[in-house]
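First comes the structure, then the notes that go with it.
The values are calculated or read from the model by the stated rules, or taken from the named source; none is laboratory data. As the structure is a prediction and not an experimental result, all values here were calculated from the model. In this analysis, Cβ positions are derived from the backbone assuming ideal geometry, glycine residues included, and neighbour counts consider all displayed protein chains. SASA here: full protein model, heavy atoms, side chains in, ligands and nucleic acids out. Shrake-Rupley method; radii C 1.70, N 1.55, O 1.52, S 1.80 Å.
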Amino acid sequence: MQPELDISRIEFEKICEVQSDKASVEITSRYSGTIKELHYEVGEMAKVGKPIVDIETESASEKHEELESDENS
């Protein structure tokens, strides 16, 4: 996975796999959109409760465009 990857057609598909001492779990996305930022590199230890990726959804993108339009008015 990489930033700017469009995942708009793969909602609920596996986006990563995490492993603990007891289990290996596939993480799926509840959202469709574009991956904007990866918070960890492959093999890096993620912190419990912290985000793994940032996904810009269509509704968030529309709100951002509206704010930019209002600022330019």
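Would you confirm, using the coordinates I've provided, whether Ser8 is open to solvent by less than 70 Å² (accessible area, probe 1.4 Å) and modelled with pLDDT of 85 or more? No, not satisfied.
Of all residues in the range 32-73, count the ones that are hydrophobic (A, V, I, L, M, F, W, C), at pLDDT 80 or above and either over 19 Å from Lys14 (Cβ atoms) or assigned to a helix (DSSP H, G or I) (or both). Summing the residues that are hydrophobic (A, V, I, L, M, F, W, C), at pLDDT 80 or above and either over 19 Å from Lys14 (Cβ atoms) or assigned to a helix (DSSP H, G or I) (or both) in the range 32-73 gives 2.
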